[in-house]
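Okay, structure first, notes after.
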Amino acid sequence: MTSPIIQTEKLCHTYSAGTPFEHRALIDVDFRAYPGELLGIIGHTGSGKSTLIQHLNGLLKPTSGRVLVEDRDIWESKAATRQARFRVGLVFQYPEYQLFEETVYKDISFGPRNMGLDEKEIDRRVRQAAAFVGLPDKVLDQSPFELSGGQKRRVAIAGVIAMEPAVLILDEPTAGLDPIGVAQIMDNIRDYHAAKNAAIIVISHSMEEMARRVDRLVVVNDGRIPLDGSPREVFAHRAELEAMGLGVPRMTRVFQRLKALGADVDSSVYTVEQAKEAFLSAFRRKGAM
Amino acid sequence: MENPILKTESLTFSYPAEEGSKLVLEGVDLEIQAGSFVAILGHNGSGKSTLAKHMNAILLPSGGKVYVAGMDTTDEEKLLAIRRTVGMVFQNPDNQIVANVVEEDCAFGPENLGVPSDEIRKLVDDSLRVVGMYDYRRHAPHLLSGGQKQRIAIAGVLAMKPRCVVLDEPTAMLDPIGRREVLETVKALNESQGVTVVLITHHMDEAAQAGRLIVMSEGKVISDGPPRQVFQQVELLRSVGLAVPETVELLYELNQEGFSLPLDALSDEACAQTLYQLLSKD
């Protein structure tokens, strides 16, 4: 097994420690992500998932425990912390609200410039990042504030991609977008993933969205990770997920109901494609009898 | 009786001073009956939000007419009466809350209308009860969840006693729990309060719960009917960048394999029953 590109060891985070508002947001969390992995994190609002991802590039400092990026403790030195921020790119929710430069080009180049790269390399990265998110060249000289909502979001994602992080974390990257916008952003992310073999970590509320896109799911609840595995493994725990205020994809619900009605079908399906295959195979079995 | 409560006639609209002044609405004719629950579905840029903003004269037609309870929205003397008839709720809860205490926020609308203060007290209490936020009336809005804030925004509109509420993607920024809370509130407005509801959304599952579904694309209405009828037009909806509920999608995909299943299963149960019948038939 390859070693994790990023991991936490017994990570704890307590907000407002020693006050009446003390809140333990993370409790002994051991989290791992591997190179080239497409990983999903799910959890309801307040579960601790945002606190977890803010530790992964050093925005929050652990109350106790460690965060390792490429086997190095990101808090061992100032240089290590700085390095982690370049290696682990974090795209916040509604990142389009963070655009600030006069032109799209300047906005995307902000990160690479902070890394101290030369102009030629900055230019290459800006253009490549823009291409990854499907922004045409002519947009680069425009003000980001003249663009549509979907384009603004792509500019914001390009700004993080331009740092060429080995781990790209996106918090609800498709929130508020229509189905076309969702598909475009997810394709952009997948292109970056394929080209750079980066680990991608996506946080989403949509089980259906997650089911289609990720290799592995990590469930965060009450500051811990109670479930971790393939979508099929995780979605087998429907009752637990529902108790956590989450749920299972629609096709899983339909096929569990179908099974309860007495049909002999595979109820571990979670996409329309799988559901179709499961139904056809049950239908053929019936015909053969 | 002045049915319909909302009516558009050959409504066209283009934003002024934009390049080429492309039409955002290209001739929309609609009648929305008082007391109904209508969802308007469309992708970004389809014109659905622009249409919504015509429903209480935030925008005025470039061509054609819009009538609110029989009042022409271009008649400036009717503006106050139009705004009292149709209340709007927007996407971002944080942009709609003006006060530091929940009940004060709700009182903002009726205060502006010059309602006597003892009546305001009752309007505010009643509205907060309808949205299930009465227990939070002394709380600070910024400490509440997105779904709770959005329900307060709805209560603030309700306190003005509108006959119709137009909600422009009210759940787009909410998590699943918040979405459910807001949708339940919207349904209650319509069912128990008799308020006409127009819900603008791009979530199929929300649109499926309305009594009538209007689909917009490129500034035009391309489909209009009960949700279970509209969602059967899988190819039409896909061609304009919309999806259908997964239950309908599955039945549609099975029909591509040679089955001839009805495409009207909007619930998990209806879909499971349709499939079960096929598997249990001899």
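Laid out as a table, the results:
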read-out	value
Selection from A:TYR192, A:TYR94, A:SER206, by position along the positive dipole direction of chain A (Cβ)	A:SER206
Restraint check, B:LYS22/B:LYS149; A:LYS138/B:LYS22; B:LYS48/B:LYS187, Cα-Cα greater than 27 Å	B:LYS22/B:LYS149
Electrostatic dipole magnitude of the protein assembly as shown [Cβ: Lys, Arg +1; Asp, Glu -1; Cα centre; debye, to 20]	820 debye
Over chain A: helical MRE at 222 nm, DSSP H runs n ≥ 4 each giving -39500 (n - 2.57), nearest 500	-12500 deg cm²/dmol
Charge tally in the Cβ shell below 14 Å around B:LYS122, where Lys, Arg are +1 and Asp, Glu are -1, B:LYS122 excluded	-2
Using θ = phi - 60° and Karplus 6.51 cos²θ - 1.76 cosθ + 1.60, couplings along the range B:37-54 (whole Hz; Gly, Pro as x)	10, 10, 10, 10, 10, x, 7, 4, x, 7, x, 5, 6, 4, 4, 4, 6, 7
Dimensions (Å) - the range A:147-278, Cα atoms, principal axes, largest first	53, 33, 26
Cα-based helix-to-principal-axis angle, B:102-112 vs chain B, degrees rounded to 10	70 degrees
Of all DSSP beta bridges in the protein assembly as shown, antiparallel share, percent nearest 5	50 percent
Filter on B:LYS78/B:LYS220; A:LYS10/A:LYS78; A:LYS259/A:LYS286; A:LYS120/A:LYS152 - keep pairs with C-alpha separation over 19 Å	B:LYS78/B:LYS220; A:LYS10/A:LYS78; A:LYS120/A:LYS152
Chain A, relative contact order [Cα under 8 Å, separation at least 6], %	21 percent
Within chain A, percent of DSSP bridges classed antiparallel, to nearest 5	50 percent
Within chain A: Cβ-based charge dipole about Cα centre, in debye rounded to nearest 20 (Lys, Arg +1; Asp, Glu -1)	580 debye
Rounded to 5, the percent of DSSP beta bridges in the range B:6-244 classed as antiparallel	50 percent
Charge dipole of chain B about the Cα centre (unit charges at C-beta), most positive-ward option of B:VAL89, B:ALA159, B:GLN273	B:ALA159
Those trypsin sites (Lys or Arg not before Pro) in the range B:216-282 that DSSP places in a loop and that have at most 15 other beta carbons within 10 Å	B:LYS281
Nitroxide proxy distance, nm - points 7 Å out along Cα→Cβ at A:ASP123 and B:GLN277	6.7 nm
In Hz, Karplus ³J(HN,Hα) per residue of the range A:21-27 (6.51, -1.76, 1.60; θ = phi - 60°; x = Gly, Pro)	8, 3, 9, 8, 7, 9, 10
Along chain A, longest interval not containing exposed GluC sites (Glu not before Pro), exposed being DSSP loop plus at most 15 other Cβ atoms within 10 Å	A:103-289
In the range B:115-220, the GluC sites (Glu not before Pro) that fall in loop regions by DSSP, at most 16 other Cβ within 10 Å	B:GLU218
A:LEU227 long-range amide H proximity, modeled H, under 5 Å	A:VAL219
Using alpha carbons only: equivalent-ellipsoid semi-axes of the protein assembly as shown, gyration tensor based, whole Å	39, 32, 26
GNM top mover of B:GLY194, B:GLY241, B:GLY27 - chain B, alpha-carbon springs below 10 Å	B:GLY241
Chain B: most fluctuating residue of B:LEU158, B:LEU79, B:LEU167 per GNM, C-alpha cutoff 10 Å	B:LEU79
Loop sites in the range B:14-110: GluC sites (Glu not before Pro), DSSP, at most 10 other Cβ within 10 Å	B:GLU18
Cβ charges +1 (Lys, Arg) and -1 (Asp, Glu), total dipole of the range B:6-244, debye	360 debye
Mean Kyte hydropathy of 1.0 or more with a Cα span along the axis of at least 27 Å, helices from DSSP in chain A	none
Angle between chain B longest axis and helix B:146-158 axis [Cα atoms, degrees, rounded to 10]	60 degrees
Overall dimensions of the range B:6-244 by Cα: Rg and Dmax, Å	17.7, 55
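Where a number appears in this text, it was derived from the coordinates with a stated rule and is not lab data. Predicted model only: the values in this text are computed from it and were never measured. Ideal geometry is used to build each Cβ from the backbone, glycine not excepted, and the neighbour counts take in all protein chains shown.
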